[in-house]
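**Student:** Have a look at this one.
The values are calculated or read from the model by the stated rules, or taken from the named source; none is laboratory data. Here the structure is a predicted model, which means the values were calculated and not measured. Don't worry about glycine lacking a Cβ; one is built from the backbone with ideal geometry, like all the others, and counts go over all protein chains shown.
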Amino acid sequence: MDDQVVKLAEETLARYQALNEELADPNIYSDGRRYAEVAREHARLKRGAGMCQELLDAIQEGREARELLPTAETAEEREFYEAEAQEAERRVAELTEKVRAELIDRDPNDGKDVILEIRAGAGGDEAAIFAGELQEMYVRYADRLGFKHRTLSSSPAEAGGFKEVVVEVEGDGAYSVYKHEGGTHRVQRVPKTESQGRIHTSTATVAVLPEAEEVEVQVSQNDLEVDVYRSSGPGGQSVNTTDSAVRITHKPTGLVVTCQNEKSQLQNKEQAMRILRSRLLEREVQEQQEKEGALRQAQVGSGDRSAKVRTYNFPQGRITDHRVGVTSHNLEATFGGDLGDFTQALAAKERADKLAADADGAGG
């Protein structure tokens with residue numbers, strides 16, 4: 001029995017019960033911010049609390065069965081109590097690992113919605129086209145998983161695709177699914193504009209942000225500079241007769257977010273604030289991790305936008321993920337949203353890296 005996990009299970013159940021009691025108090029509804037904080041923590045702990053209760057129940061059942069063993073009057077009774085104890089101990093071992101994975105090893109952002117920022121890199125028109133293909137790939141993957149998605153901001157390119165596009169994906173565990181997509185994606189193929197038939201290499205970068213809620217990142221209006229202007233399409237031509245596009249500058253950090261996809265200025269401002277809060281949360285998390293030591297190794301490529309993470313080679317019909325050495329020879333299926341093999345391999349690497357880091361920490 002793992003005493004650390006048992007103690008954590010007891011503490012988690014106590015905290016979950018306290019949250020239940022707080023939510024049952026009608027006075028909490030008068031404080032919208034506090035209600036949001038409690039409701040969010042309650043939802044985050046719900047599944048883990050259920051596992052913790054099962055674990056503690058199994059421990060109690062095993063203990064009772066062992067206590068009854070000396071009272072057995074027949075071989076049959078003794079055999080029955082022994083079987084009960086062994087079954088309870090098997091369940092304790094199984095549930096201990098589940099609780100560990102849920103409450104210790106799990107990234108606290110895993111259950112959140114996610115914002116994907118995809119930008120054309122080196123390669124001109126071909127890079128913008130590739131950025132558009134990545135956006136479609138991620139949207140199709142979301143559709144396969146039953147997640148909702150919408151484009152928060154985009155800057156279309158004249159030749160097709162995007163100079164930059166920002167997509168929000170909503171669903172239970174969306175961040176855990178997409179978090180390893182961050183970094184530089186590279187495509188190798190003959191562009192349509194290439195008359196000599198030469199293979200070109202182009203890139204697009206992907207930044208993956210857990211979506212921040214207002215209660216997590218509070219932004220003072222005094223820190224914002226908000227500009228409005230007329231929306232424009234590829235080539236700069238105006239696509240709107242009103243000043244509905246919004247540019248928000250966060251003065252303390254210099255972060256700039258622009259949104260022009262929605263028809264109203266208010267909607268564009270709301271979208272821009274969603275992106276800004278998520279970027280600020282990412283900065284905050286990274287700064288904290290840097291203070292505590294090296295950036296978390298298990299977050300494969302999530303913060304390093306310059307790292308080459310995956311190559312899409314069209315002449316050879318091959319996609320290779322350089323972090324885990326996984327190769328697929330089905331380009332069409334992958335761009336159609338079939339990313340499961342890559343996601344599973346990267347999640348397995350994250351778990352292995354986390355276990356190795358824990359072992360090093362214990363050894364040190």
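**Student:** So Glu170 ticks every box in (1) out of contact with any Gly (no Cβ under 8 Å at 6 or more places or on another chain); (2) surrounded by fewer than 17 Cβ atoms within 10 Å (Cβ to Cβ); (3) over 12 Å from Glu211 (Cβ atoms); (4) of a type outside the set (Lys, Arg) but one. Which box is left unticked?
**Tutor:** (3)
**Student:** Would you check if Arg33 is surrounded by 12 or more Cβ atoms within 10 Å (Cβ to Cβ), out of contact with any Phe, Trp or Tyr (no Cβ under 9 Å at 6 or more places or on another chain) and assigned by TED's automatic domain parsing to the domain that holds Ala88?
**Tutor:** Numbers: surrounded by 12 or more Cβ atoms within 10 Å (Cβ to Cβ): no; out of contact with any Phe, Trp or Tyr (no Cβ under 9 Å at 6 or more places or on another chain): yes; assigned by TED's automatic domain parsing to the domain that holds Ala88: yes.
Answer is no for this residue.
**Student:** Taking the stretch 153-203 as the region of interest, how many residues are aliphatic (A, V, I, L, M) and closer than 30 Å to Lys263 by Cβ?
**Tutor:** Residues of the stretch 153-203 that are aliphatic (A, V, I, L, M), as a first pass: 157, 159, 165-167, 169, 174, 177, 187, 190, 199.
Subsequent filtering for residues that are closer than 30 Å to Lys263 by Cβ retains 157, 159, 165-167, 169, 174.
Residues flagged as aliphatic (A, V, I, L, M) and closer than 30 Å to Lys263 by Cβ within the stretch 153-203 amount to 7.
**Student:** Which residue is modelled with the highest pLDDT, if the candidates are limited to the stretch 175-196 and must be part of a loop (DSSP other than H, G, I, E, B) and either aliphatic (A, V, I, L, M) or surrounded by fewer than 15 Cβ atoms within 10 Å (Cβ to Cβ) (or both)?
**Tutor:** Restricting attention to the stretch 175-196, the residues satisfying the condition of being part of a loop (DSSP other than H, G, I, E, B) are 182, 190-196.
Okay, now just the ones that are also either aliphatic (A, V, I, L, M) or surrounded by fewer than 15 Cβ atoms within 10 Å (Cβ to Cβ) (or both), so 190, 192-196.
Numbers: Val190: 90, Lys192: 76, Thr193: 71, Glu194: 74, Ser195: 74, Gln196: 81.
Applying the filter and picking the extreme gives Val190.
**Student:** Just to check your reading of the model, which residue among Val92, Val114 is surrounded by 19 or more Cβ atoms within 10 Å (Cβ to Cβ), of a type outside the set (D, E, K, R) and more than 30 Å from Ile275 (Cβ to Cβ)?
**Tutor:** Working: Val114 fails: more than 30 Å from Ile275 (Cβ to Cβ).
Within the list Val92, Val114, the selection yields Val92.
**Student:** Whether any residue in the stretch 2-24 is of a type in the set (D, E, K, R), without any contact (Cβ under 8 Å) to a residue 24 or more places away in the chain and outside any helix (DSSP H, G or I) is what I want to check.
**Tutor:** Residues of the stretch 2-24 of a type in the set (D, E, K, R): 2-3, 7, 10-11, 15, 21-22.
This time we only want the ones that are without any contact (Cβ under 8 Å) to a residue 24 or more places away in the chain, so: 3, 7, 11, 21-22.
Next, only the ones that are outside any helix (DSSP H, G or I) stay: none.
Within the stretch 2-24, not a single residue is of a type in the set (D, E, K, R), without any contact (Cβ under 8 Å) to a residue 24 or more places away in the chain and outside any helix (DSSP H, G or I).
**Student:** Quick one: how many residues across the stretch 88-147 are among the hydroxyl-bearing types (Ser, Thr, Tyr) and either without any contact (Cβ under 8 Å) to a residue 24 or more places away in the chain or closer than 19 Å to Pro210 by Cβ (or both)? Show your work before the answer.
**Tutor:** Going through the stretch 88-147, the residues among the hydroxyl-bearing types (Ser, Thr, Tyr) turn out to be 96, 138, 141.
Retained after the next criterion (residues that are either without any contact (Cβ under 8 Å) to a residue 24 or more places away in the chain or closer than 19 Å to Pro210 by Cβ (or both)): 138, 141.
The number of residues fulfilling the criteria is 2.
**Student:** Within the stretch 123-143, is there a residue that is touching a Ser or Thr at 6+ places or on another chain (Cβ under 9 Å), assigned to a loop (DSSP other than H, G, I, E, B) and more than 30 Å from Lys354 (Cβ to Cβ)?
**Tutor:** Checked the stretch 123-143: at least one residue is touching a Ser or Thr at 6+ places or on another chain (Cβ under 9 Å), assigned to a loop (DSSP other than H, G, I, E, B) and more than 30 Å from Lys354 (Cβ to Cβ).
**Student:** Touching a Ser or Thr at 6+ places or on another chain (Cβ under 8 Å) and at pLDDT below 90, is that true of Asp110?
**Tutor:** When the stated conditions are applied, Asp110 passes them.
**Student:** Can you pull out the residues in the stretch 41-68 that are over 19 Å from Ala9 (Cα atoms) and surrounded by 15 or more Cβ atoms within 10 Å (Cβ to Cβ)? Give the steps one after another, and end with the answer.
**Tutor:** We begin by selecting, within the stretch 41-68, every residue over 19 Å from Ala9 (Cα atoms); these are 64-68.
Answer for the stretch 41-68, where residues must be over 19 Å from Ala9 (Cα atoms) and surrounded by 15 or more Cβ atoms within 10 Å (Cβ to Cβ): Ala65, Arg66, Leu68.
**Student:** For the stretch 156-167, which residues satisfy the criterion of being crowded, with 23+ Cβ neighbours inside 10 Å and under 17 Å from the mean Cα position of the chain (by Cα)? So that I can check it myself, show each step before the final result.
**Tutor:** Filtering the stretch 156-167 down to residues crowded, with 23+ Cβ neighbours inside 10 Å leaves 161-162, 165-166.
Val166 - this is the single residue of the stretch 156-167 that is crowded, with 23+ Cβ neighbours inside 10 Å and under 17 Å from the mean Cα position of the chain (by Cα).
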